[in-house]
């Protein structure tokens, strides 16, 4: 079957052991330029806080850095965690980005805080809870509408600008909300795949056309760890596996180097949890990756793939994205 669907990058701007956030930002820009040359459609950055191995906390600032250093690839958030922010401020930030880089900015919105509870409290001085999310999304969308006479509050810039808004999620809640609001939907199957098929079915079944979108459009996240051989790819994948175990042990740290024997690192229950979380992963050499991506696309029928690759070595990470692109272009 043809693999010819759009493919994109999800980047957390990883800070690896022995490195710094400044180097992570340089690597992200280098990867974005590489992805642009490889035909990737969009380059999304994710908001996380209080995580030493993830440097993309100030997401809109980093989006500006990436968009300013590239020329054609779409750049956006995958996503902005809206409960952490006032909708007006998000509209102003992305209105600014869309004014600087017209036709290239995406705004993906998530409902989770993107962090632990103490940090969530530090971020939200007037926290009402994520139950306000649908109302906050509606408020945000209104700020992008053309400004009306007598409108008391407007986003400057932002009003009247074309900023595509996506809903992100790992549950049925976000799928249902995206369907009811007529918005494109991205599912976080790269780390929380359990509800993927049910969420996709619900989104397609209940989708209502809107001024923003005439038919459903769904992106699925997938981990692709590609190398010249299956053995080398499996070794590179141990970085992501270690990171998940460390997070579950309550010790999130810098992104670890790969190891030769992952079985000596984790306990059986940890292995089971990581394998479930990372079930949507394609790991291997070029033939294995092409076959795995074909099977994933054929089974789940996404409109687009967004690829995560938590790889320690920057050159190996770029090479992995090259091999993924070659598989999807083939």
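A compact table of results
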| read-out | value |
| --- | --- |
| Mean projected area in nm² (Cα convex hull; one quarter of hull surface) for the stretch 64-185 | 8.2 nm² |
| Residue with peak Gaussian network fluctuation, the chain [Cα springs, cutoff 10 Å], from 269, 65, 190 | 269 |
| Using a Förster distance of 22 Å, the FRET efficiency for residue 194-residue 301 (Cβ separation, nearest 0.05) | 0.75 |
| 14 Å tail of the calculated P(r), the stretch 7-50, as % of Cα pairs | 51 percent |
| Max mean-square fluctuation residue, GNM over the chain, Cα-Cα springs under 10 Å, options 251, 235, 74 | 251 |
| Listed peptides 305-312, 5-12 by packing density, highest first (mean Cβ within 10 Å) | 305-312, 5-12 |
| Extended-chain gain in nm, criterion 0.36 nm per residue less alpha-carbon gap, residue 275 and residue 135 | 46.8 nm |
| Cα-only radius of gyration and Dmax that characterise the stretch 7-329, units Å | 19.2, 66 |
| Kirkwood Rh and Cα Rg combined as Rg/Rh, the stretch 126-251 | 1.10 |
| Folded to 0 to 90 degrees: helix 230-248 orientation relative to the chain principal axis, Cα | 60 degrees |
| Spin-label pair residue 259/residue 89, simplified geometry with 7 Å Cα→Cβ offset, distance in nm | 3.9 nm |
| Additional length obtainable on full extension of the chain from residue 116 to residue 249, 0.36 nm per residue less Cα span | 46.5 nm |
| Antiparallel DSSP beta bridges within the chain, as percent of all bridges there, nearest 5 | 5 percent |
| Anisotropy class of the stretch 38-89 from Cα gyration tensor, a/c 1.5 cut | prolate |
| Residue-span extension gain [residue 26 to residue 315] - 0.36 nm each, minus C-alpha spacing | 102.8 nm |
| Overall dimensions of the stretch 196-270 as given by Cα atoms, namely Rg and Dmax in Å | 18.7, 54 |
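Any read-out appearing in this document is the output of simple, stated calculations on the displayed coordinates, not a laboratory observation. This one's a predicted model, so the numbers in the text were calculated from it and none came from an experiment. Because the Cβ atoms are built from the backbone with ideal geometry, glycine has one as well, and the counts that use them run over all protein chains shown.
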